Ligand code: MV4
């Protein structure tokens, strides 16, 4: 076994690999960019080597620096994690030359799966079903029209070098395919330097179900069943689970066999994932093979009890897989949610910045994989994922309930995040029923995420929690007797309550309702953990003026607690008029001003593009929120922008 390995990655996956290596008694070397001097993976590794400036092209993607760091530290093998160099066949080739082991598949396997046309041909040759279509390059738009007419619309054009949704177009007519051909080949050319396209029948409302495989260098290949990752937004996975709520044992076994056949056909070694789309009638078609450990591997580990990173390291060291297909099984259910620094209410705009508060939930069946800590920076240079939260349960229902409760107990402040959006997904009937498809988010949240409306019961519990919090605050600060009658103004609506103490319980009477609240909260704590009417409930809490901002189950509440007389006076005051729409365009995040679409004196209509800001590898188009006239430009293309910096003024 290796004595020392280097992890050519950052963030949660680097920490994840370090954890297993440590358990195996293997020393670890981290590499880090100038943006990551304080990063958790650097702190957790036994040694760390700086590899250059923040942009990944000059650090995490620089193969020469990775090889040099291995030589400098005596690392015998490299784990690439996911992203970055993980599917670049030049890394294993360069490592081999230097006598260092790549903890992953061969350069050849990576290359043949990287070319989607070749991968599809290999799958067909191995007897694995692929989407009907044309298995070869489509040389021109007119060829695309001919083929599309033969296989019948709708069809999908895809980049040979693609994957993950880039260079893809659906076409329903000759006109659409001509235009799609031009757009997709242009996109493929600029994204991959390879304009080649292929064409296949478009599968409508598919589910994304993938099979985990493990292979050694002795001809042994097993599959570890499936993960369903149908809940995605713009090809970014949001929720993943194992097993799929859709598959029956027969389809599962057939998909597992197909994945193993393909892995054998490419001479695969290491952990890999064979991706399928599954139509509504449970027909499955091979899409692509990911030749790396995947973000969502924890759900497979939770239901199989195996450590995939350990298996990767062992087979890279030449060991045989210690189990046969008949010896692997899964039990229970696991669901993972990806926590991102983004603002779901502003079209999921990335939200880099410092984590002012950060505390991970704990609980039975809960696993958190993260690479951050309170005070850490979510950098504009890298992926905005903060952490992965996974929950296990004997049933899907229990796993989902545990995940929901853990989301309520996750403390994140300082950056916008998708905790509420994740909770909103889990609440959906379609999710609970397991009716998933890649169109789930678009269908369930048309017009984007606008928040969750609480049920009457949830409103009652929030009122009770706010009342109890207020009383607990007063216990600390008030002198003399505390009155029992209060009014909780929750999101503008008054709820008269009577709060009394009975043993360890607070009794909150609200009209004909009566709530018993047991809580251990102290003023200032980020979480109000309680039992309300006998059931556990956890609210995230922030002070809001003299009141509280609460969050639970994806719902946000604003609560003020007043004496009845004060509430009455407040009720008589006229509400403040809505604030003027801003006269400034602000940078929504730190980043680079890529372009300005307007000049001084220009009139603009609501929705028109004003500027493009690049941050976290994404270009974000800023648009006019209303009609107006640009009066002054306050930044120019090429400028580095701070969050909330004024880009332009309008009247
Ligand atoms: C498809 C498809 C429908 N029909 N191919 C998306 C990324 C890449 N892995 C392939 N993808 C798709 N290929 C045919 N013939 C629909 C998708 C697709 C998708 C697939 C998996 C997960 C999410 C998706 C979201 C949109 C489209």
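Length, then width, then depth: along the principal axes, the Cα atoms of the stretch 246-302 run 31, 28, 18 Å. Shape class for the stretch 36-77: oblate, because the ratio a/c of the largest to smallest gyration tensor axis (alpha-carbon atoms, square roots of eigenvalues) is 1.5 or more and b/c is at least a/b. Across all directions, the shadow cast by the convex hull of the stretch 43-162 built on its C-alpha atoms averages 10.7 square nanometres.
If R0 is 25 Å, what FRET efficiency do you get for residue 149 and residue 279 from their C-beta distance, rounded to 0.05? Once the sixth-power term is evaluated, E becomes 0.70. Among 301-308, 544-551, the peptide with the highest mean count of other Cβ atoms within 10 Å heads the list, and the full ranking is 301-308, 544-551.
Report note on the peptides 323-335, 195-207: ranked by the mean count of other C-beta atoms within 10 Å, highest first, their order is 195-207, 323-335.
Here the gap between residue 174 and residue 356, fully extended at 0.36 nm per residue and compared with their Cα-Cα distance, gives a gain of 60.2 nm.
Each part reduced to its alpha carbon centroid, the stretch 361-405 and the stretch 243-296 end up 25 Å apart.
Give the calculated FRET efficiency between residue 484 and residue 520 to the nearest 0.05, with a Förster radius of 22 Å applied to their Cβ-Cβ distance. Efficiency, rounded to the nearest 0.05: 0.50. Rounded to the nearest 500, the 222 nm mean residue ellipticity of the chain from helices alone is -8500 deg cm²/dmol, with -39,500 (n - 2.57) taken per DSSP H run of at least 4 residues.
Computed over the stretch 160-304, the P(r) curve from all C-alpha pair distances, binned at 5 Å from the origin, holds 2, 9, 17, 19, 18, 16, 10, 6, 2, 1, 0 percent per bin. Binning the C-alpha pair distances of the stretch 279-351 at 10 Å intervals from 0 yields a P(r) profile of 14, 28, 35, 18, 6 %, listed from the shortest bin outward.
Could you run the Debye sum over the Cα atoms of the stretch 115-238, one equal point scatterer each and no solvent, and tell me log10 of I(q)/I(0) at q = 0.12 Å⁻¹, two decimals? Once normalised to I(0) and log-transformed, intensities are -0.50. Per residue, the convex hull around the alpha carbon atoms of the stretch 471-566 comes to 114 Å³. Rounded to whole Å, the principal axis extents of the Cα atoms in the chain read 80, 64, 54, largest first. Rounded to whole Å, the principal axis extents of the Cα atoms in the stretch 1-69 read 32, 22, 16, largest first.
Label separation (residue 643 vs residue 476): 2.5 nm, computed from points 7 Å beyond Cα along the C-beta direction. Counted residue by residue at 0.36 nm each, then reduced by the alpha carbon distance between them, the extension gain from residue 512 to residue 594 reaches 23.6 nm. Note on residue 455 and residue 373: the model spin-label points, each 7 Å out from Cα along the C-beta direction, lie 4.0 nm apart. Each label point was placed 7 Å from the Cα along the Cα-to-Cβ direction; for residue 254 and residue 533 their separation is 4.7 nm. Residue-normalised convex hull volume from the C-alpha trace of the stretch 155-202: 53 Å³ per residue. At 4 °C and 1.567 mPa s, what whole-number value in µm²/s does Stokes-Einstein give for the translational diffusion of the stretch 309-376, with Rh from the Kirkwood sum over Cα pairs? Calculated translational D: 79 µm²/s. Only Cα pairs under 8 Å and at least 6 apart count here; give the relative contact order of the stretch 1-122 as a rounded whole percent. Once normalised by length, the contact order is 24 percent.
The length gained on full extension between residue 137 and residue 218, counted as 0.36 nm times the residue separation minus their Cα-Cα distance, comes to 25.7 nm.
For the stretch 426-529, the pair-distance distribution built from all alpha carbon pairs, in bins 5 Å wide starting at 0, is 2, 10, 18, 18, 14, 10, 9, 9, 6, 3, 1, 0 percent.
Any read-out appearing in this document is the output of simple, stated calculations on the displayed coordinates, not a laboratory observation. Computed from a predicted model, the values in this text were never measured in an experiment. Ideal geometry is used to build each Cβ from the backbone, glycine not excepted, and the neighbour counts take in all protein chains shown.
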